[in-house]
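One structure below.
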Amino acid sequence: MGAFIRTAVNTIKKNITMNIITTLQISAVFVITVIMVSAVCVRYRCYTPFRDYFEGNGLFCIFSVEAYTGNIDKVYDVIEDTNELMSYLHGPEKIVACHHLSAYAEVNDQICDIQGLSYDDEIIDRYEPELSSGRWISTDKEADMIEAVVSENDYGWNVGDIIQIVMLNTETSVKRDVKIVGILKENTKIPGLFSARIGTDTYNLFYYPYSYEYEGKPLLLFSYSQLAGLENAPLQGIYSSTLIRYDDSVSAEEIKQDQRLMSTMGCVFSTDLKELDKNSKDYLHRHIYDLLPIIIVLLILVVVSSISSSALSTRKRLRDYAIYYVTGLQWRQCILINLLQSVIIIISAFILSIVCVAVLRYTNLSDMFYISWNKYILFSFAGITVFYIIISMIMPLIMIFNVTPKQILTK
Amino acid sequence: MIQVKNISKIYNKGKSNAFQALDNISFSVEKGELVSIVGTSGAGKSTLLHILACIDNYDAGEYYIDNVLIKNISEKRLAEIRNMKIGLVMQDFALVDDFTAIQNVMLPLDFSKEKRSDKKEKAMAALRSVGMDKFANNLSNKLSGGQKQRTAIARAIVNDPDVILADEPTGALDSKTASEIMELFKMLHNDGKTIIIVTHDKEIAAQCERIIEISDGKIV
Ligand SMILES: Nc1ncnc2c1ncn2[C@@H]1O[C@H](COP(=O)(O)OP(=O)(O)OP(=O)(O)O)[C@@H](O)[C@H]1O
Ligand SMILES: [Mg+2]
C-alpha cells in the first residue's frame with residue numbers, strides 16, 4: 001500500500017494543474033448539487049404533507065372572517081367547522097381547514113392583541129413548522145391543559161410558560177390558562193393566514209411566512225379539536241387556507257356550483273387544485289431546470305479533463321507499473337493505483353465543497369441559497385463519485401490491459 | 001535450484017511472422033552457483049531470462065524453480081514467486097524515477113504477502129550490503145549509473161530470493177563501473193547467493209563459474 005499511495009500522490013503532483021482543475025470542477029458540481037437538491041427538498045417539505053390533496057380532485061379556498069360581517073367584533077355567521085361546510089356542498093370526501101380564534105391576551109391586567117389560529121388535527125399531524133425551541137402542538141386528547149405554539153414575541157413568553165388568553169364566543173368571553181409548548185422560528189411557513197397573491201398560484205398559497213417583527217403581534221397556534229372540546233367553547237370559524245377533496249365522481253360543474261355558493265359564505269378565493277398542482281410541480285422543480293444545465297456542462301468538463309489527464313498520467317506511469325509487476329505485483333493490481341488517485345481527487349473535491357457550503361452558510365450569501373443536508377444530497381454525492389471514478393478509470397483500464405509488462409520493459 | 005527441461009519459445013505462434021526464439025533448451029543451476037548465459041545479439045538470452053523471471057511464458061518443456069513447476073499457475077501465485085523467489089536486475093536499472101533509493105528497495109517488501117514492520121531496516125540493510133546506505137534518501141534519478149545499478153541489486157536481494165537474474169547488468173555502464181558491479185555480484189556469490197547473469201561480454205562471462213552459451217535459441 002505504501003508504494004501505491006506514494007505513486008498515486010507523486011502522479012497527482014506531477015500533473016498538478018490538471019488535477020486541481022478537475023478537483024475544482026467536481027467540487028463545483030458538488031456545491032451546485034447541494035444548492036439544487038436542498039432547494040427542491042425545502043420546497044417539497046411544504047408540498048409533500050398535503051400532496052394527496054393537491055393531486056386530487058378538489059378545491060383550494062381562502063375564507064375570510066372579515067368578509068362575513070365587515071366587522072371582526074361581530075363574530076357570528078361564520079362556518080363553525082368542516083362538517084358544517086361539508087353539509088352545504090356536493091358531498092366532498094374530506095375537508096381540512098384552519099380556523100380563526102377571536103381572542104386576546106391579558107398581561108399584567110393589560111389587554112394585548114394577538115393573532116389566534118387553530119388547526120384541524122389533520123393539519124397538525126401532517127405538517128410541523130420549524131420551531132426555534134420546544135415541540136409542536138399535539139393532537140393528543142388527553143392533554144390536561146390548552147397547548148399553544150407561539151411566534152417570537154416581546155412578552156417574554158417561552159416554552160413551559162402558562163399565559164392567560166381570553167377567548168370569545170357569541171355569548172361570553174372566558175379567560176383560560178394556556179401552556180406554551182413551542183416557539184416558532186421567525187419567518188417560518190405556517191398553514192393558513194394569507195397575503196396578496198403574487199405570480200402563479202402554487203401550494204405556497206396554503207402557507208404564510210409569519211414574522212412577528214413585520215406583523216407586530218404574536219401568533220398563537222392551537223388545536224381546533226382541543227378548543228372545541230372545552231366547556232363554553234370559543235368560536236372558531238373556518239378561516240384562510242382550506243383544502244376540499246371531492247370524490248372523482250363529482251363533476252366539474254357541481255364543483256363550480258360549490259365555488260359560487262361558497263363565495264357568498266366568506267370564501268374570497270377558490271381555485272381548482274389541478275391547475276394549482278401543475279404550477280406547484282413547475283415551481284418545485286424550477287431549481288432543477290435552472291441548475292441542471294450548469295451541472296451537465298460541468299460534468300462534461302470533468303469527463304474531458306479527467307479522461308485526458310488519466311490517460312496522460314497512466315502513459316507516464318506504465319513503466320513504473322511494469323517495475324511493480326517484476327517485484328511482485330499482479331498486473332491487474334496496478335489499476336488500484338489509478339483508483340487511489342481518483343479517490344484522492346474526489347475526497348479533496350468533497351472536502352473543498354464542504355468548506356464552500358459552510359462558507360455560503362455562515363456568510364450573507366446563505367440568504368440566497370437555503371442549504372439543508374438530507375439523504376438526497378448524500379445520494380447525489382454518491383452518484384457523482386461513482387460517475388467520476390468510472391470515467392477516470394476508463395483510459396487506465398484500456399491502456400493497462402492492452403500491453404504486457406514484458407512489452408513495456410523490453411521497449 | 002533451477003531446472004530447465006526442453007524449453008521452447010515461439011513468438012507470434014500460428015501467425016505468418018512466427019519466430020522460434022528458444023529451441024529445446026535444457027540446463028540446471030545449483031544453489032550457490034554463479035552462471036553466465038552468453039550469446040550473440042538475437043540469440044535468445046533475454047527471452048530465456050524473462051521465462052526464468054516468470055514475466056514471460058513458454059510454449060513447450062518444463063521450468064522448475066525450487067522444485068515448483070512454473071506452468072499453468074495463477075497470476076497471484078506467479079506474483080508471489082516473482083516477489084519471494086526471484087530478484088531481477090535489468091540493463092536499464094528499472095528504478096522508479098521519483099522514488100528515493102530506499103523507496104525503490106522497499107518495493108518487494110511493499111508487495112510481499114507477509115506484513116512486516118521492519119521494512120525500512122530491511123531495505124537499509126540491503127542498501128548497506130551494496131554500499132548505498134549513504135544514498136538511501138536520494139531520488140533515484142539523481143544517482144549515477146553505477147549507484148542506480150547497486151540500488152537495483154539491493155532491491156533484487158532484499159527479499160532474500162532463491163535466485164538473482166541479471167540481464168546485461170553492466171551493459172549501460174563504463175568499464176570501470178562495470179567491473180565494480182561484477183565485484184558486487186562475486187561478493188554476493190561468496191555469500192552463497194545463486195546468480196545467473198546474461199551478457200554478451202566475454203570478459204564478464206569469464207568471471208563466472210560456468211558459462212552457458214546459446215546461439216539461435218539452442219545451447220551450444
Ligand atoms: N516480442 C517478440 N516478438 C517477436 N520476436 C521477438 C520478440 N522478442 C524477441 N524476439 C526475437 O527473438 C530473438 C531473440 O531475442 P532476445 O531478445 O531474446 O535476444 P538476445 O539474445 O537477448 O539479444 P540481445 O543481445 O540483442 O539482447 C530475436 O531475434 C528477436 O528479434
Ligand atoms: Mg537481450
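Where a number appears in this text, it was derived from the coordinates with a stated rule and is not lab data. This is a predicted model, so every value here is computed, not measured. Here the Cβ is made from the backbone with ideal geometry for all residues, glycine too, and neighbour counts use every protein chain on show.
Per-residue ellipticity at 222 nm from helix content only, as computed over chain A with -39500 (n - 2.57) for each DSSP H run of at least four residues, stands at -16000 deg cm²/dmol. Note on chain B: with a GNM built from Cα contacts shorter than 10 Å, the maximum mean-square fluctuation among B:Ala123, B:Ala154, B:Ala18 falls on B:Ala18. Between the stretch A:186-237 and the stretch B:12-52, what is the separation of their alpha carbon centroids in Å? If you average the Cα positions of each part, the centres end up 91 Å apart. Taking A:Ile180, A:Ile244, A:Ile163 as the candidate residues, the one with maximal mean-square fluctuation in a Gaussian network model of chain A, Cα springs under 10 Å, is A:Ile163. Calculated mean residue ellipticity, 222 nm, chain B: -10000 deg cm²/dmol, from DSSP H runs (n ≥ 4) at -39500 (n - 2.57) each, averaged per residue and rounded to 500. This ranking places A:Tyr289, A:Tyr388, A:Tyr47 by how few other beta-carbon atoms lie within 10 Å of each, fewest first, which gives A:Tyr289, A:Tyr47, A:Tyr388. When each of B:Ser46, A:Ser132 is scored by the number of other beta-carbon atoms lying within 10 Å, the sequence from fewest to most is A:Ser132, B:Ser46. Can you give me the relative contact order of the stretch A:65-265 as a percent, contacts being Cα pairs under 8 Å and 6 or more apart? It comes to 31 percent, rounded to a whole number. Counting only alpha carbon atoms, the long axis of helix A:252-263 and the longest principal axis of chain A meet at about 60°.
Considering only A:Gly192, A:Gly328, A:Gly266, the Gaussian network model of chain A with Cα springs below 10 Å gives its largest mean-square fluctuation to A:Gly328. Compute the distance from the alpha-carbon center of the stretch B:194-211 to that of the stretch A:238-278, in whole Å. Answer, in whole Å: 101. The angle between the Cα long axis of helix A:273-326 and the main principal axis of chain A comes to about 20°, on a 0 to 90 degree scale. At a Förster distance of 41 Å, what's the computed FRET efficiency of B:Asn24 paired with A:Val386, Cβ-Cβ distance as r, to 0.05? Taking R0 as 41 Å, the efficiency between B:Asn24 and A:Val386 is 0.20.
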